[in-house]
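Before any comments, here is the structure.
The values are calculated or read from the model by the stated rules, or taken from the named source; none is laboratory data. The structure presented is a predicted model; accordingly, all values stated were derived computationally and were not measured. Backbone-built Cβ (ideal geometry, glycine too); neighbour counts: all protein chains shown. Heavy atoms of the whole protein, side chains included, go into the accessibility calculation; ligands, DNA and RNA do not. Shrake-Rupley method; radii C 1.70, N 1.55, O 1.52, S 1.80 Å.
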Amino acid sequence: MLDINWIKANPAAFDTALKGRKNVPFSSSELIALDDARRAVIGEVEEAQAKRNSLSKQIGQAKAQKDEAKAQALLEEVAHLKDVVQTGEAKRKEAEDKLRAALAVLPNIPLDEVPVGADEHDNVEYFGPNGTAAAAAKGRPAKPSFSFKPKEHFETGEAMGQMDFEVAAKLSGARFVVLKSQLARLERAIGQFMLDLHVDAHGYTEVNPPYLVRDEALYGTNQLPKFEEDLFFVPHGESRLALIPTAEVPLTNFVRESILSEAELPMRLTALTPCFRSEAGSAGRDTRGMLRQHQFHKVEMVAITTPDASRDEHEKMLADAEDVLKQLGIHYRVVTLCTGDMGFGAQKTYDLEAWLPGQDTYREISSVSVCGDFQARRMDARYRDKDGKVRHVHTLNGSGVAVGRALIAVMENYQQEDGSVAIPDVLQAYMKGLTSIGGRS
RNA sequence: GGAGAGAUGGCCGAGUGGUCGAAGGCGCACGCCUGGAAAGUGUGUAGGCGGGGAACCGUCUCAAGGGUUCGAAUCCCUUUCUCUCCGCCA
């Protein structure tokens, strides 16, 4: 949610900033008109309320003094104000709702340094705050080379007999997968490893949140009102609950409608949860394999910070996500998303793209975003600063990383010519010491 | 699912129709006391919105929404959530 006062003060900046964004339904002048209408109504209503309150107080005093005649006269004077106040309040509510509804569908303003562009082709590779391509490459796992033609993950998985899309279809339809045996264990190992890493080495608090959430939480993290069709809902009494599309929803909403003390910040939370996405509108994309599923596991990182700290926290969170791929030995690159490719609530987003030799391309495995106070305004999440002033917090979220896609990356990068998959060192402890799975042995 | 109790400021908690945005406490801030601290002590301390350069003024908010009333934290209705007991249950 953007601040209408900021828009009023910077209408040109607003219109320019959102030019690179898709689907911006309102211009600054339309929003300002809505706000002016709202203020006009407020003036009228409050004047009537002030008059009514003062007369009512006088009635109380007159009655206390047993001056019935005066009380009666005042009663007649105040009578007509009742209607004025009531219709005024209704008009006020309408004007406020209109403005809020308009603001709720506006995307966040990208930070100045975000590259302007139309789609993923305009994303820009990122090498760290002061980084160069050469320096970044040094710190990252190298691209593997193969003496044979590397296979895609589903070829390997199906050949092993441990990845089954047909059984999954029988149970649940398209875009589901069944993992079995050692591959199921490997998926679990990857999730455990990543969660442990963020808790033990990166300063996050482990959280096991609910997987079903209410509409209010979804509104706070921008899934509602605009992206309802991406979600799965289950009926619940007269109402409904949504299956979380990401743990960002429960974790970020921890601080909804609260005023934190500055000492509690930064708050860093992480969780390993299933995620559920209807993938409406992505028919035909990534239909082979388990790259794009209705259900997948993900380790999510969320940080709540003061406004001053959010930019540094963004770099830290990116580094935390990168650490996962470094430790797993997966070659990757980082891109800064351009204005046209960024998500609705983000000020700036880095994507981590893992190298998939079977596909001979980089694929997104993590997305790390700083949202500024955009979500905090929607959630009414604030903190009290050192001077006692109440201000909105900043929120960040990032995948650290998607478990299903990490499994794909491990399977493709660690595949052997005999169809087996070597186990990265850091996962062996989670695999009872196994160094490879799926081999003919 | 049945019965009952409850929801008040950053937190705890008092308050059953007018002088209540709300006692008291905790916490926090500033001061006094102290060699320094603790303890003690004094003062201050809700948020949103509107107006104003500011001081400040107005308005709304006591879970949410509606109603009664000139006037509601307080009375009535609906909803949500929490707790206790019973039932069911991994």
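Things worth noting here:
- Residue in segment A:150-169 that is surrounded by fewer than 16 Cβ atoms within 10 Å (Cβ to Cβ) and basic (K, R) present: no
- Against the test of being open to solvent by less than 50 Å² (accessible area, probe 1.4 Å), under 28 Å from A:T349 (Cα atoms), within 25 Å of the chain's Cα centre (by Cα) and within 10 Å of RNA strand B (Cβ to nearest atom), the options A:L99, A:L18, A:L103, A:L111 yield a single qualifying residue, A:L99.
- Residue count for segment A:37-75 under the criterion of being open to solvent by 90 Å² or more (accessible area, probe 1.4 Å) and either under 16 Å from A:R92 (Cα atoms) or touching a strand residue (DSSP E or B) at 6+ places or on another chain (Cβ under 7 Å) (or both): the result is 4.
- Selected residue (only one of A:E166, A:E155 is over 24 Å from A:D360 (Cβ atoms) and of a type in the set (D, E, K, R)): A:E166
- Residue match in segment A:209-216 (condition: open to solvent by 20 Å² or more (accessible area, probe 1.4 Å) and farther than 29 Å from A:F232 by Cα): no
- Verdict on A:T349 being open to solvent by 30 Å² or more (accessible area, probe 1.4 Å) and among the β-branched types (V, I, T): no
- Segment A:414-441 residues that are touching a residue at least 60 places away in the same chain (Cβ under 8 Å) and closer than 14 Å to A:F193 by Cβ, paired with ones that are open to solvent by 30 Å² or more (accessible area, probe 1.4 Å) and of a type in the set (A, V, I, L, M, F, W, C) (beta carbon under 8 Å, 6 or more apart): A:I423/A:L434
- Candidates A:F146, A:F176, filtered to the one that is surrounded by 13 or more Cβ atoms within 10 Å (Cβ to Cβ), assigned to a loop (DSSP other than H, G, I, E, B) and more than 28 Å from the chain's Cα centre (by Cα): A:F146
- Residues (touching a residue at least 60 places away in the same chain (Cβ under 8 Å) and in a strand (DSSP E or B)) located in segment A:369-388: A:V370, A:A381, A:R382, A:Y383, A:R384
- Filtered residue count, segment A:232-252, keeping only those that are away from RNA strand B (no atom under 15 Å from the Cβ) and surrounded by 20 or more Cβ atoms within 10 Å (Cβ to Cβ): 8
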